[in-house]
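*Asks:* One structure, pasted below without further comment.
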Amino acid sequence: MSERTKPSVTVLGLGRMGAAIAGAFLGTGHRVTVWNRTAAKAEPLVARGALGAATAAEAVTAAPLVIVPLLGPGAVRQALGPAAAALPGKTVVNLANSTPDEAREIAAWVAEHGADYLDGAMMALPQTVATPDGFFLYSGSREAFTSFRPELEVMSPAHYFGTDPGAAEIHDLAVLGTGYAALAGFLHSAALLDSVGTPPEVLAPLAAQWLNGMAAFLPELAREAGSGAYAEGVSTVDLNRVAVGNLVRLSAAGGVATDVHDPLKALLDRRAADGHGQDSFSSVFELLRARNTQGGGTRVRGPVG
Ligand SMILES: NC(=O)c1ccc[n+]([C@@H]2O[C@H](COP(=O)([O-])OP(=O)(O)OC[C@H]3O[C@@H](n4cnc5c(N)ncnc54)[C@H](OP(=O)(O)O)[C@@H]3O)[C@@H](O)[C@H]2O)c1
C-alpha cells in the first residue's frame, strides 16, 4: 500500500490560534501557505519555511485544504469573499467562533462556490494547540472530515458531530459556557480574597484542586439531569442555597460585587419556593431547559467519530 502524500495546507488568519496552527503544520513537514490581513504577522512563519501569500485568493489557490482560524464570521466573510473564484474543489475548515446559524450560512455560501465545508471549534488555548490538552469539534462534510483527518489531528484530537455545520458550534458554546461560569466564579472569589488582602495566586491552586473534583462530579449531574431523578442527589438545593446565600451576603458586606452569583442564588430560591429544596442541586436544570428542545438543528447525541 502506498504511503499517503501529505496535502499542502493553507492557513488564513495568523492571530494567536492561526499562528499556533500554522506552526504545528510546519512542525509536521506539511507545505504551508499563510495569509493574514496584517501582513507582518506572517513574517515569523515565513522565516520558518511557510510560503507567504499576498492575498487570500492566492493563499486559497495554493492548497486543497484551507484552514480558517479567523476572529469570527464577519472576518471569515471578509477574507473569503474576495477569494471566491479560487474556491471550487477546495475544502474549507472554518474554525472561527460563531453561532450555529452563522456557521450554516457560511457553509451554504462556501458550497455555492464549489468547495467542501467543515465547521470546527477549537477547545484549546494557543499553547495547547497540537498537544493532548486541546481538542477540536467538527461538523459538516463527512467526506472532508474523513479525507483530511490526519491534518485535523495535527492541530488537536478531532471529534465529529455529524453533517449539520451548526452542530460543532452549539457543542463549542455549551462547553465554553461551562468554563466561563467556573472562570467567572474564580474571578469573583479572587476579588473576595483580595478584600481581605489575600492575592489571587493563593486561590489558584486551591480552586484548581476543587475544580478537578467537580469535573469528576459532572457525570453524576448529567445522569440526574438526563433522567429527571433528583431525589437521591448528595447535594441538595437547600444545602447549596445556604452556601450561595452566605457567599453573596459576605461579598455584599465587604463591598465585593455579587453579579456572578446573584443569578444562581435566584434560581436556587425559586427551586426552594416551588417545594424542591430537598431535590438535588442538578434539578436547577428544570428551570433552565427550553421547552421546545431542538433549537433548529439536527439532534446530535454526541461525537460520532
Ligand atoms: N485565543 C484563544 O485562547 C482561543 C481559544 C479557542 C478558540 N479561539 C477562537 O479562535 C478564533 C481566533 O482567535 P485568536 O485568539 O487567534 O484571535 P486574534 O489573536 O485576535 O486573531 C484574530 C485574527 O482574525 C483576523 N481578523 C479579524 N478581523 C478580520 C477581518 N475583518 N478581516 C480579516 N481578518 C480579520 C486578525 O487579523 P489581523 O492580524 O489583521 O488583525 C487575526 O488574524 C476566534 O474565533 C476565537 O474565539 C481562541
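The values are calculated or read from the model by the stated rules, or taken from the named source; none is laboratory data. Quick caveat, the model's predicted, so the values are computed rather than measured. Positions of Cβ are backbone-derived with ideal geometry, glycine not excepted, and every protein chain shown enters the neighbour counts.
*Asks:* If the Cβ limit is 6 Å and pairs must be 6+ apart or interchain, which residue in segment 220-249 that is in the same structural domain as Leu267 (by TED's automatic domain parsing) pairs with which residue that is surrounded by fewer than 19 Cβ atoms within 10 Å (Cβ to Cβ) and assigned to a helix (DSSP H, G or I)?
*Replies:* Ala225/Phe285; Val237/Ala272; Arg241/Ala272; Val244/Leu264; Val244/Lys265; Val248/Lys265
*Asks:* Among the candidates Val154, Val237, Val244, single out the residue that is at pLDDT 95 or above, within 30 Å of Lys6 (Cβ to Cβ), of a type in the set (Val, Ile, Thr) and buried (at least 16 other Cβ atoms within 10 Å of the Cβ).
*Replies:* Selected residue: Val154, the only one of Val154, Val237, Val244 that is at pLDDT 95 or above, within 30 Å of Lys6 (Cβ to Cβ), of a type in the set (Val, Ile, Thr) and buried (at least 16 other Cβ atoms within 10 Å of the Cβ).
*Asks:* Could I ask something else about it? If only one of Val234, Val242, Val260, Val175 is of a type in the set (A, V, I, L, M) and in contact with a His (Cβ under 7 Å, 6 or more places away or on another chain), which one is it?
*Replies:* Exactly one of Val234, Val242, Val260, Val175 is of a type in the set (A, V, I, L, M) and in contact with a His (Cβ under 7 Å, 6 or more places away or on another chain), namely Val260.
*Asks:* Okay, next question. Inside segment 116-125, can you point out the residues that are crowded, with 16+ Cβ neighbours inside 10 Å and either touching a residue at least 40 places away in the same chain (Cβ under 8 Å) or under 21 Å from Leu71 (Cβ atoms) (or both)?
*Replies:* Listed by number, the residues that qualify are Tyr117, Leu118, Asp119, Gly120, Ala121, Met122, Met123, Ala124.
*Asks:* Select, from Ala225, Ala130, Ala168, the only residue that is among the hydrophobic types (A, V, I, L, M, F, W, C), surrounded by 15 or more Cβ atoms within 10 Å (Cβ to Cβ) and outside any helix (DSSP H, G or I).
*Replies:* None of the others qualify; the one that does is Ala130.
*Asks:* Here are some conditions: (1) assigned to a loop (DSSP other than H, G, I, E, B); (2) free of Cβ contacts under 8 Å to residues at least 40 places away in the same chain; (3) away from the ligand (no atom under 12 Å from the Cβ); (4) in the same structural domain as Ala158 (by TED's automatic domain parsing). Glu3 meets all but one. Which one does it not meet?
*Replies:* The single condition Glu3 does not satisfy is (4).
*Asks:* Do we have Leu176 as closer than 27 Å to Ala20 by Cα, surrounded by 13 or more Cβ atoms within 10 Å (Cβ to Cβ), outside the structural domain of Ala22 (by TED's automatic domain parsing) and within 16 Å of the ligand (Cβ to nearest atom) here?
*Replies:* Yes; evaluated as a whole, the condition is true for this residue.
*Asks:* Continuing with this model, one more query. Counting only residues that are over 27 Å from Ala54 (Cα atoms) and surrounded by fewer than 17 Cβ atoms within 10 Å (Cβ to Cβ), which one in segment 76-104 is farthest from the ligand (Cβ to nearest atom)?
*Replies:* Selected residue: Asp101.
*Asks:* Considering only segment 6-80, give the helices (runs of 4 or more DSSP H) lying wholly within it that have at least 1 residues that are within 23 Å of the chain's Cα centre (by Cα).
*Replies:* 16-27, 73-80
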